[in-house]
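The values are calculated or read from the model by the stated rules, or taken from the named source; none is laboratory data. The structure presented is a predicted model; accordingly, all values stated were derived computationally and were not measured. Neighbour counts run over all protein chains shown; Cβ positions are idealised from the backbone, glycine included. In case anyone asks, the SASA skips ligands and DNA or RNA and just uses the protein heavy atoms, side chains included. Shrake-Rupley method; radii C 1.70, N 1.55, O 1.52, S 1.80 Å.
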Amino acid sequence: PPMTAAPPFYITTPIYYVNADPHIGHAYTTIKSDIVARHHRQRGEDVFFLTGTDEHGAKIAESAERVGRTPREHADLLSARFRDLGGVLASTHDFFIRTTDPEHEAGVQRIVAAIHDAGDIYRGSYGGWYCSACEAFYGEDDLGPGRTCAIHGTPVRWVEEENWFFRLSAYRDRLLAHYDANPGWVLPAARRNEARSMIEGGLDDLSISRAQIEWGVPVPWDAGQTIYVWIDALLNYRTALAYARPGEDLTARYWPPSLQVMGKDILKFHAVIWPAMLMAAGLELPERLMIHGYVLKGGEKMSKTTGNVVDPFPFIERYGIDALRYYLTREVRFGEDGTFTAEGFEGRYSGELANELGNLLNRTVSMVGRYRDGVVPADPGGDRELAAEVDAAVVTVREAFDRLDLSRAAEDAWVLVRRFNRLVEERAPWKLAKDPERAGDLDQTLFSLAEGLRTAAILVWPIIPGSVERLLGALRQDPTRVGLDDARWGAGVPQARVAPIPPLFPRIEPDEPEEGAA
Ligand code: ME8
């Protein structure tokens, strides 16, 4: 029979501005995308996962100037911070794009020239209130009190210049037709409706070049202008594929994106402007956009521009990356905002991770050690119902991922963790161990605990990968066998000799009091 190639799955995060250090909000998007990417690898798909940094434009040039660096120095420094964050988050992205990559710059020029050749770019003059934190123009009516940006509260400035325009208005009907033919292409539905009504309300043509901003990609046919940073940035999703893997062009293999993940702040750029640009360039549209809510601090959106941020690095240092991945997945539900609090974080760490999952591993390994010399008994085959519960959980987790409801996927997998903790109480192995006639029941219980833990762990692997790999190691299972097929009851290595390991989620003492404090 012919070999069937694994289906491609191309997933992207936004590329982050290098105007300031990353915070938990960026971590959230990258983690969420990584979880989806890992899950699709579990399905055996051919995944390509892209992230990176957005480095041109007024916002970056101004933030560089404020700290006395050239835009390039500033971009190099901060891009590296975002790249480091990716490593710390255990993100499995396949490529980290920078919009200052020469290959990207050339790619942007090619696509913009193609849109120009197709007749959708014309010269015009423009006046508007510009917010460089948003990198966007606003009308008088959109402004906050005292001519400030309604989002950032910072002053806007009047910009009037001759530049190049994209005929966005001409795409209204085609965009609406696309929305109506593909009801699930923007999720959740509330965001889809929001984007659709922006389009229905009518679209203005979009100024896509800047005469006064030098830090950008030159317009190919007009050296006096640079390409508007949002056009430059959006095209990263396309240009990256041509050079991400040296000597190979991945464009045909992965285009169009299967899923593009982002926060709701950049909905209009991705759900209105981006598809129109792709139509103008004759390129296929992404299959789905996943628009998530905000991680809030003290009731407000975290934002680099306003400085209301939580630094993820200290939490990761203290509790480990999996604790942050788990907390954000559970706490910030799909389509909703969620508030980051240290108390909530610590609560889920000690409650769910340490006392539920960590403890289940600990009890299982120590009982197998105590009652069966460390060797998991062969399956007596009596726990059909538990096997069915595991199989059902695999299906519900998969369905939750299809709906992009990651919080739900985590909860559905956690149902198993709780189920098997309950099993310990129900069967009370310490009682079975006292009665030689019940040795078969004890074998069954110990097998089922080890197998239940193994399968539950595989289901949460995309969320807490490092901990799951350590857990599988303790059960003497192959830590690389984390596919959904491996999550079947009975698919593990039989009669494994388990080995205790240090706690997966050790108790973290409250901060040490200061030296000399009473
Ligand atoms: O917008 N909660 O970059 P950016 C949740 N360069 N997510 C948050 C967040 C928060 N408080 N704060 C930031 C840009 N994010 C452009 C994108 S793409 C072609 C160009 C996440 O650095 C969220 O994904 O401002 C949001 O959409 C993104 O970071 C904005 O990052």
Region 1-107 - Rg (one decimal) and Dmax (whole number), Cα, Å = 16.2, 64
Long-range HN-HN contacts of residue 10 with modeled amide H, under 5 Å | 48, 258, 259
Would you calculate a helix-derived [θ] at 222 nm for the chain, using -39,500 (n - 2.57) for each DSSP H run of n ≥ 4 and dividing by the full residue count, to the nearest 500?
-> -13500 deg cm²/dmol
Which percent of the accessible area of the chain is formed by carbon and sulfur heavy atoms (probe 1.4 angstrom)?
-> 50
Region 287-372 - Rg and Dmax from Cα coordinates, angstrom | 17.0, 59
Using only alpha carbon positions, build the gyration tensor of region 402-465, then give the equivalent ellipsoid semi-axes as the square roots of 5 times its eigenvalues, largest first, whole angstrom.
-> 31, 10, 7
Determine the distance separating the Cα centre of region 196-273 from the Cα centre of region 327-341; give it in Å without decimals.
-> 28
When the charge dipole of region 154-194 is computed with +1 on Lys and Arg Cβ and -1 on Asp and Glu Cβ about the Cα centre, the Cα farthest towards its positive end, among 185, 170, 158, belongs to 185
If you put +1 on each Lys and Arg Cβ and -1 on each Asp and Glu Cβ, how big is the dipole of region 40-87 around its Cα centre, in Debye rounded to 20?
-> 120
With DSSP loop assignment and no more than 12 other C-beta atoms within 10 Å, the chymotrypsin sites (Phe, Trp or Tyr not before Pro) in region 41-142 are none
Could you tell me the largest-minus-smallest coordinate of the C-alpha atoms of region 257-416 on each of the three principal axes, in descending order and whole angstroms?
-> 67, 38, 21
If each Cα of region 31-169 is one equal point scatterer, what is log10 of I(q)/I(0) from the Debye formula at q = 0.08, 0.15, 0.20, 0.22 Å⁻¹?
-> -0.34, -1.06, -1.20, -1.23
By how many nm would the segment from residue 204 to residue 92 grow when fully extended, if each residue of separation counts as 0.36 nm and the alpha-carbon distance is taken off?
-> 36.4 nm
Residue span residue 46 to residue 255: 0.36 nm per residue of separation minus Cα-Cα distance leaves a gain in nm of 74.0 nm
Residues residue 158 and residue 67, FRET efficiency given R0 of 22 Å [Cβ-Cβ distance, rounded to 0.05] | 0.25
What is the Cα centroid distance between region 108-180 and region 274-309, reported in whole angstrom?
-> 16
Estimated dipole of region 361-518 in Debye, rounded to 20 [Cβ of Lys and Arg +1, of Asp and Glu -1, Cα centre] | 500
For region 144-185, state which trypsin sites (Lys or Arg not before Pro) are in a DSSP loop and have at most 15 other beta carbons lying within 10 Å of their beta carbon.
-> 147
Among 468-478, 7-17, 485-495, how do they line up from the highest to the lowest mean number of other beta-carbon atoms within 10 Å?
-> 7-17, 468-478, 485-495
Rounded accessible area of residue 204 (nearest 10 Å², 1.4 Å probe) | 130
First obtain the Kirkwood hydrodynamic radius of the chain from its Cα pairs, then insert it into the Stokes-Einstein equation at 37 °C and 0.692 mPa s, and state the resulting D in µm² per second as a whole number.
-> 130
Work the Kirkwood hydrodynamic radius out for region 79-233: mean of 1/r over every pair of different alpha-carbon atoms, inverted, in Å.
-> 18.1
Counting only C-alpha contacts under 8 Å and six or more residues apart, can you give the relative contact order of the chain as a whole percent?
-> 15
Can you tell which of 344, 292, 326 lies farthest toward the positive end of the dipole of region 292-350, using +1 and -1 charges on the Cβ of basic and acidic side chains (Lys, Arg; Asp, Glu)?
-> 292
About the Cα centre of region 353-414, how large is the charge dipole given +1 on each Lys and Arg Cβ and -1 on each Asp and Glu Cβ? Please answer in debye to the nearest 20.
-> 300
Rounded to the nearest 5, what % of the DSSP beta bridges within the chain are antiparallel ones?
-> 55
In region 260-299, if every C-alpha pair distance is counted and binned at 5 Å from zero, what percent goes to each bin?
-> 6, 22, 26, 19, 11, 7, 4, 3, 2
Lys pairs in the chain with Cα under 26 Å (8 or more apart in sequence, or on separate chains) total 16
Whole-number accessible area per residue in Å² for the chain, which is evaluated in the context of all protein chains at 1.4 Å = 43
Among 226, 378, 508, whose Cα lies farthest out toward the positive end of the dipole of the chain, if unit charges sit on the beta carbon of Lys, Arg (+1) and Asp, Glu (-1)?
-> 378
Per the 1/(1 + (r/R0)^6) rule, R0 = 35 Å and r from the Cβ atoms of residue 117 and residue 6, FRET efficiency to 0.05 is 0.45
What is the extension gain from residue 402 to residue 434, computed as 0.36 nm multiplied by their sequence separation minus the C-alpha to C-alpha distance, in nm to one decimal?
-> 6.8 nm
In Hz, Karplus ³J(HN,Hα) per residue of region 330-347 (6.51, -1.76, 1.60; θ = phi - 60°; x = Gly, Pro) = 6, 7, 9, 6, 4, x, 10, 8, x, 9, 7, 10, 5, 5, x, 4, 5, x
